[in-house]
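Contents: one structure, followed by commentary.
The values are calculated or read from the model by the stated rules, or taken from the named source; none is laboratory data. The structure displayed is predicted, hence computed values, not measured ones. Don't worry about glycine lacking a Cβ; one is built from the backbone with ideal geometry, like all the others, and counts go over all protein chains shown. For the accessible areas, the whole protein counts, side chains as well, though only heavy atoms, and no ligand, DNA or RNA atoms are used. Shrake-Rupley method; radii C 1.70, N 1.55, O 1.52, S 1.80 Å.
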Amino acid sequence: MYDDVDYINPNTGTDNVWQHTKGNVNKKLERAEPYRFFLSPVDCDPSTHVENLTLSFAELLDKSLGDLEESLHINLIINLKWLYEQYRITGQKDKISILFHSCDYELDELKKIPNLSYKQLRLPNLFSLQQSNFRFKQTQPQNQFYSHHSKLSMFAYSDGSIRIVVMTGNLRKFEFTNITQGFWVSPKFPLKNEDDKSDGDSKTGFKKDILRYLNSYNNIPLLRSWIQKIEKADFSEANVFFIPSIPGKHLEPMWGHQYLKYILKTHACIPFGQPSDWPIISQVSSLGIYGDSYKNWLLSELVESFSQSTHCSTDKAVNFNVIFPTMDNILNSWDGPVGGSCVLYCDEVHQKQTWLKNYMRKWVSNSRNRSKAVPHIKTYCRISPCNTEMSWFLLTSANLSKTAWGKKLWQDRSYTISAFEVGVLFLPQFLTGCNTFSLNQKQNNGRSPPFPLHFDLPLSPYSSTDQPWRVDALDS
């Protein structure tokens, strides 16, 4: 497994997107204001390589974005060869730190790599790997049922500024080839002035929330310097909310869907019609176990939280849809059934909740040239009944599961979460100054640019013969 990995002197690799934007990625980010929401390129479709709202991982390292001093990647899975290659082809040789759950290479194999030092730290299940300017730490939650699913990157520059990137992909080549991933890329948050006595936070509380997320790792040494960098930075220009989940039992509504519920109830606007007419759309790459009825957890907890707004509450249920690839979506994708390996659902679970099909919608993205690029992106949003306005939009690592979002413990009003997750919530008041995001260029009426939604509207229901993709269905 190590034979094809040359960490010391790799001499291959290119990037089909960055070659068009080299030295000018900063201008691409500026053109994407105010949303800064991008999709990953599709290798098999060159038209996506030159789209304004396509972003490759290598572009995050372009020197036009600043004099990179250090970067941190918090993720579930990494491929060291691929990640190293991104830094090599962009000419970035600065320090890289990685906090991850698992690696494409076994630790025993990594120890064989020349000039790679390895040691087990005193913290439980924490490993340190060092090679050249790389620092790696592997962390596993103490509870075997917890997972580390976040996908968060941070970039520190020589002028003291810092940039935050929330994405949906693991750091490996397969997931950035013919797969649809999403990125939110922040502006550079500058170093606070010495005479600035404020907390340097934004109206969205982004700084506060990312700090409490990083502090939840219980003082991992690798993160201390990053917490200090954030504390010293001015995040006042952050125009999105940071939505984290962390494992454990919680009482306060500060994590998962309980925190999202609080923010939506405070800020989300339904400007016309009845709230029940504005459906909630979930678009995910993995489905959980929901029980024998929609009412069990999806309706009673998740949809109830996602339905919150500043509008007076109503007892009428809000329509809920989940975009999830059909068998045909996967089999007809660029990578065929191989592409389906990153879309997780199994037949055994589906047979116990076949009612879910009533709420399922096909993956269709003709408007963004991604219909054949398997969606690993995860998003949630609330759309007007006429499909022209959007109340809010969430890009996140969190799939549609109790593990990611949390489950109430009715006996003491607490709730439990079993995964680290991070996401960013877009609310129009903080980005465009309007009550909703426009989704229609023709009816925009001089407002801010329409939100670049990544799937087509109206949604496409499953037909009577359509079935959701299941990783084990081809064997049955």
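Checking each residue in the stretch 212-221 for being of a type in the set (A, V, I, L, M, F, W, C) and buried (at least 19 other Cβ atoms within 10 Å of the Cβ) picks out only L214.
Residues considered: L453, L425. Of these, the only one that is at pLDDT 95 or above and in a strand (DSSP E or B) is L425.
Does any residue of the stretch 408-420 turn out to be among the acidic types (D, E) and part of a loop (DSSP other than H, G, I, E, B)? Don't jump to the end; show me each part of the working.
Restricting attention to the stretch 408-420, the residues satisfying the condition of being among the acidic types (D, E) are 412.
Filter again for part of a loop (DSSP other than H, G, I, E, B), leaving 412.
Yes, the conditions are met somewhere in the stretch 408-420.
Considering only residues that are in a loop (DSSP other than H, G, I, E, B) and of a type in the set (S, T, Y), look in the stretch 127-186 and name the one that is modelled with the lowest pLDDT. Reasoning before the result, please.
Our first condition is that a residue be in a loop (DSSP other than H, G, I, E, B); within the stretch 127-186, this holds for 132-133, 140-146, 149-151, 158-161, 168-170, 172, 177-178, 181, 186.
Keeping just the survivors that are of a type in the set (S, T, Y) gives 132, 146, 150, 158, 161, 168, 177, 186.
Working: S132: 45, Y146: 74, S150: 95, S158: 95, S161: 98, T168: 98, T177: 95, S186: 98.
By that ranking, first place goes to S132.
Candidates in the stretch 297-321 are the residues that are open to solvent by 40 Å² or more (accessible area, probe 1.4 Å) and among the small types (G, A, S); of these, the one that is modelled with the highest pLDDT is S300. Scanning the stretch 284-296 for residues that are modelled with pLDDT of 95 or more and surrounded by fewer than 22 Cβ atoms within 10 Å (Cβ to Cβ) yields S286, G288, I289, Y290.
Considering only residues that are over 24 Å from H149 (Cα atoms) and either open to solvent by 10 Å² or more (accessible area, probe 1.4 Å) or hydrophobic (A, V, I, L, M, F, W, C) (or both), which ones fall in the stretch 337-355? Talk me through it step by step, then tell me what you get.
Filtering the stretch 337-355 for residues over 24 Å from H149 (Cα atoms) gives 351-355.
The answer is Q351, K352, T354, W355.
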